[in-house]
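Structure first, commentary second.
The values are calculated or read from the model by the stated rules, or taken from the named source; none is laboratory data. Bear in mind that the values here come from a model prediction, so they are computed numbers and not experimental data. Cβ placement follows ideal geometry from the backbone for every residue including glycine, while neighbour counts extend to all protein chains displayed.
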Amino acid sequence: MKFVIGFALIGGIGIPAFFIALWALTRAVLEGNADALYEVSAWYEAFRVMLWPSSLFIVVRAAGDAAGETRDLLIAVLTNIGVYALLGGATALACRNRIAEVALVIIVLTLVYAVNAFWSSHLASFLITAAIVAIVFVALFRKYGRTPNTSPSA
């Protein structure tokens, strides 16, 4: 249950909050520099969609449709909480078996690659994201997973 709640909070709420704050900061810093903002936005969008896949629900709205934007953001965050809660549950289950751990990492990286290929085909951002995801899973599995040397107490 710790994994489910932890993943739901960190991945489901923390990642969207991070990207919302990062975009506000980026726009403030690059205000007036349209070329730089365009370049940075390509990287931003590639990372955002891979790590916050439900952000695809955030659609372009007519100016002044704050209610629609707020609803889309709420749907994206709530969906992301569900996605990361499922990932947390799968991680908790995978911690019991080394093959399941490897399979989970491969499945997650395949899904991240598919989202990247669908949305941006930005290979460099995928490679960076894949490295971060792999490092996080390795750290989690080392801390909570069974190792070949683990044996029950006699």
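Identify, please: which residue in the stretch 103-121 is assigned to a helix (DSSP H, G or I) and polar (S, T, N, Q) and is, among those, farthest from residue 47 (Cα to Cα)?
110
Matching residues to (1) surrounded by 14 or more Cβ atoms within 10 Å (Cβ to Cβ); (2) modelled with pLDDT under 95; (3) closer than 15 Å to residue 3 by Cα:
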| position | (1), (2), (3) |
| --- | --- |
| 74 | no, yes, no |
| 115 | yes, yes, no |
| 130 | yes, no, no |
| 139 | no, yes, yes |
| 148 | no, yes, no |
